[in-house]
Amino acid sequence: MKNWVLLGLILLVSGRIAAQTEDKKDSLKTGKSTTIVLDSAALAQADTLKNVKKKWMPVPKTATRLAFIPGAGQLYNRDYWKAPIVYLAFGGGLYTYYLNTIKYRDFLGAYERFYILDKNDPKYGQRNPDLADDDTVRVRVRNLLNTSSEYRDITHSQAVRQKNYWRRNRGFAIIVTGLIYTLSIIEANVAAHLKTFDLSDDLTLNVSPKLNQPMMREPTPGVRMVFNFK
């Protein structure tokens, strides 16, 4: 009888030991770290966001300030093809002013010869009595490229007309050059503003009917337009 009791105790203890061993194995199996599987599309999108560079946007105030130097505002806006146009227009205006100044000085010198310009003479500023209206004076006239010159005999009236003609042309050249300079500044400012506008495909216009109109007490049919900026 004692042997049976002893055998039962041995079997009971061995069963508990085996159960504890199995529990430890199960706990080790369940304690393993779980692997998180990420979506391939999410990973691809993350890589794309890293590679995409931020789009450069000009600052209108900076473009306007740089435009005070002819062509610098266009270069800042990265409109490189506009800079040569500004240089040619502005340079052409200044060169036209220079050429008209040459002609004006030539005929101005001929016009002054008909007057007494000696400040010590009491008749300073009056017509030279030695030269009548029909008399001529020789004037050196340079060509527009200032590479050669010719001499002409002109009367007082011709000297007045030519002097006034080239002076008007010189003044007109100054005005045109000033307008070109001003327009180049305005163009740089406007171009910088336009580059900051969203012109992508995300701009949408939704047109739908609408019954309730503002300032209307009763339902009134109408159309509603909605712009979406994303």
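The values are calculated or read from the model by the stated rules, or taken from the named source; none is laboratory data. Everything numeric in this text was worked out from a predicted model, so none of it was measured. We place every Cβ from the backbone using ideal geometry, glycine too, and count neighbours over all the protein chains shown.
What do you reckon, is TYR124 part of a loop (DSSP other than H, G, I, E, B), of a type in the set (Phe, Trp, Tyr) and loosely packed, with under 12 Cβ neighbours inside 10 Å? So TYR124 passes the test. The single condition among (1) surrounded by 15 or more Cβ atoms within 10 Å (Cβ to Cβ); (2) at pLDDT below 60; (3) not hydrophobic (A, V, I, L, M, F, W, C) that LYS29 does not satisfy is (1). For the range 137-159, the set of residues classified as surrounded by 15 or more Cβ atoms within 10 Å (Cβ to Cβ) and either aromatic (Phe, Trp, Tyr) or in a loop (DSSP other than H, G, I, E, B) (or both) consists of THR155 only.
Within the option set ALA89, ALA110, being in contact with a strand residue (DSSP E or B) (Cβ under 8 Å, 6 or more places away or on another chain) and in contact (Cβ under 8 Å) with a residue 40 or more places away in the chain holds for one residue only, ALA110. Every listed requirement among (1) of a type in the set (A, V, I, L, M, F, W, C); (2) surrounded by 12 or more Cβ atoms within 10 Å (Cβ to Cβ); (3) modelled with pLDDT under 85 is met by TRP56 save one, (2). Here is a check on your reading of the model: is ARG224 surrounded by 10 or more Cβ atoms within 10 Å (Cβ to Cβ), modelled with pLDDT under 85, on the phi < 0 side of the Ramachandran plot and not in a helix (DSSP H, G or I)? Taking the combined requirement at face value, the residue satisfies it.
Every condition in (1) surrounded by fewer than 13 Cβ atoms within 10 Å (Cβ to Cβ); (2) under 28 Å from LEU194 (Cα atoms); (3) among the small types (Gly, Ala, Ser) is met by ALA72 except one, and the failing one is (1).
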